[in-house]
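The structure under discussion appears below in the form of structure tokens.
Read the figures in this text as sums done on the coordinates, not as results from a lab. Everything numeric in this text was worked out from a predicted model, so none of it was measured. Neighbour counts run over all protein chains shown; Cβ positions are idealised from the backbone, glycine included.
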């Protein structure tokens, strides 16, 4: 059932994700950038800057495959982890970990009516559930820009 749902969306339905997004909280800033979709892929990158220094980064992509749409994360440049799209609503993208050993279970991107982006990661760490929210706003400048 999930594969049929995911195939109902094309990557062009996700074009609203393209561009720059930023979350600033004191000396900490998280930014995410996405390309416009091609026929088979959006490319993204994320970084976290704290106190003027990059403390984390991630290479991202959302790609169309024969069996659905996948979010592929490479935190810190590590090997990729796939999350399969499980919704048919282009304004709320829910990607599920199909059982990999990764501690993340769900990645959610929700388009906000005010033009923002609510991102959320959910998972388990040592058997304990956790969730982290990222209330992004559109941003042309990156973290640390004057």
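See the values below:
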quantity: Sequence ranges 57-63, 133-139, ranked by mean other-Cβ count within 10 angstrom, highest first; calculated: 57-63, 133-139
quantity: Long-range Cα-Cα pairs in segment 2-138 (distance over 20 Å), rounded percent; calculated: 45
quantity: Gap separating the Cα centres of segment 30-59 and segment 110-146, nearest whole Å; calculated: 12
quantity: nm² value of the averaged projected area, convex hull over the Cα atoms of segment 80-121; calculated: 3.1
quantity: Bridge type composition, the chain - antiparallel percent by DSSP, nearest 5; calculated: 100
